[in-house]
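Notes to accompany the following structure.
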Amino acid sequence: MAPTSASDIPSLNLLYKLKKLDVSRLGPLKGASPVHNDRIGLFRGDITTLSVDAIVNAANTSLLGGGGVDGAIHRAAGKGLLAECRTLGGCPTGSSKITNGYNLPCQKVIHTVGPVYNDSKPAESEAHLRSCYRTSLELAVQNDLKTIAFSAISTGVYGYPSLDAANVACDTVRKYMDGDDGKKLDKVIFVTFEEKDVRAYNSLLPRHFPPSIPASSDQDSITGEQAAEAEAKASQLPDVPTTDPADSEHVPKKQRQSNED
Ligand code: APR
């Protein structure tokens, strides 16, 4: 499959215009803002196919590979990635380190180590997950990277409930983009893979990044030509998987269903 570039990935504004994303019936959360909606993207599929500046890997403290997205990234990158990871001396939970992308279409890989979800210490798990997103964004800005795509950190083997994880991810990204350093990024993309995470982001994105004007009258805000152009762009994207990708490596731990919103 040809790599997908950052500009090919629809922004939230485009998804609202095309009615591919619904305004949440629960309304915006505290601090919600539409100002970043042109710089937030959403993509369902294999993160290793994205030709963005950086993809964010859900790694473990050894940084020496594993299953899930970690396994997919190492397989696609080739042996050079593991060789560089061996020089990094591991990475503590909540922290991130950066390597080259090797055979991947992206320039860099940011390896972040998410928490193994601990439902007896949810605040600690949340603090670690926030730190994963924040330190990844900081590394991107420090390395002059403009487009960054996140896998759904800790929502697989590490068992973080998808809705809670998406809430932390959206809130942390929005707060970072509100700051001066956030203005240096051109696009932050959330990558979903399994249905549970698609549902979580479809629910939480409109609560953190609501449309700038009511979706109903929004249709009038673009000409027919613009809508046709947007549809054409969206139609060139790889087909959105309608079932959970069969990833033999990826056997997510049995997760408690978080209370759906
Ligand atoms: N592209 C995008 N997302 C993917 C892909 C892929 N190719 N493969 C899996 N995912 C998604 C999963 O569906 C999940 O939403 O990545 C998210 C993170 O799941 P895991 O990869 O299981 O990572 P995590 O839960 O953070 O557990 C990390 O798993 O693979 C090991 O070495 C890794 O020990 C570490 C642990």
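The values are calculated or read from the model by the stated rules, or taken from the named source; none is laboratory data. Everything numeric here is computed off the predicted structure, so don't read it as measured data. Neighbour counts are summed over all protein chains in view; Cβ atoms, including those assigned to glycine, are modelled from backbone coordinates with ideal geometry.
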(request) Filter region 44-87 down to residues that are part of a loop (DSSP other than H, G, I, E, B), out of contact with any helix residue (DSSP H, G or I) (no Cβ under 8 Å at 6 or more places or on another chain) and not small (G, A, S) and give me whichever is farthest from the ligand (Cβ to nearest atom). (result) T87
(request) Determine whether region 53-61 contains at least one residue that is among the charged types (D, E, K, R) and in contact (Cβ under 8 Å) with a residue 60 or more places away in the chain. (result) yes
(request) Mind counting the residues in region 139-174 that are over 18 Å from K121 (Cα atoms), more than 10 Å from the ligand (Cβ to nearest atom) and in a loop (DSSP other than H, G, I, E, B)? (result) 4
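Taking into account only those residues within region 108-133 that are of a type in the set (D, E) and in contact (Cβ under 8 Å) with a residue 40 or more places away in the chain, which is farthest from D38 (Cα to Cα)? Lay out the reasoning, then the answer.
Initial filter on region 108-133 (of a type in the set (D, E)): 119, 124, 126.
Applying the additional criterion that residues be in contact (Cβ under 8 Å) with a residue 40 or more places away in the chain yields 119, 126.
Details: D119: 35, E126: 27 Å.
Step by step, filter region 108-133, then rank; the result is D119.
Does L21 qualify as being under 20 Å from the mean Cα position of the chain (by Cα) and in contact (Cβ under 8 Å) with a residue 12 or more places away in the chain?
Numbers: under 20 Å from the mean Cα position of the chain (by Cα): yes; in contact (Cβ under 8 Å) with a residue 12 or more places away in the chain: yes.
Here the answer is yes, as L21 does meet what is asked.
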(message) For S136, only one of the following conditions fails: (1) under 23 Å from A6 (Cα atoms); (2) touching a residue at least 40 places away in the same chain (Cβ under 8 Å); (3) not in a helix (DSSP H, G or I). What is its number?
(response) (3)
(request) Mind listing whichever residues of region 88-109 are of a type in the set (A, V, I, L, M, F, W, C) and assigned to a strand (DSSP E or B)? (result) I98, V109
(request) State which residue is surrounded by the most Cβ atoms within 10 Å (Cβ to Cβ) when the search covers only region 122-160 and only residues that are more than 15 Å from the chain's Cα centre (by Cα) and under 19 Å from E195 (Cβ atoms). (result) Y158
(request) State whether one or more residues within region 173-183 are surrounded by fewer than 24 Cβ atoms within 10 Å (Cβ to Cβ), β-branched (V, I, T) and at pLDDT 95 or above. (result) no
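Looking for whichever is on the phi < 0 side of the Ramachandran plot and free of Cβ contacts under 8 Å to residues at least 12 places away in the same chain here; the options are K183, K196. Which one fits?
On the way: K196 fails: free of Cβ contacts under 8 Å to residues at least 12 places away in the same chain.
Result: K183 is the single residue among K183, K196 that is on the phi < 0 side of the Ramachandran plot and free of Cβ contacts under 8 Å to residues at least 12 places away in the same chain.
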(request) Name the one entry in T49, T93 that is touching a residue at least 40 places away in the same chain (Cβ under 8 Å) and surrounded by 16 or more Cβ atoms within 10 Å (Cβ to Cβ). (result) T49
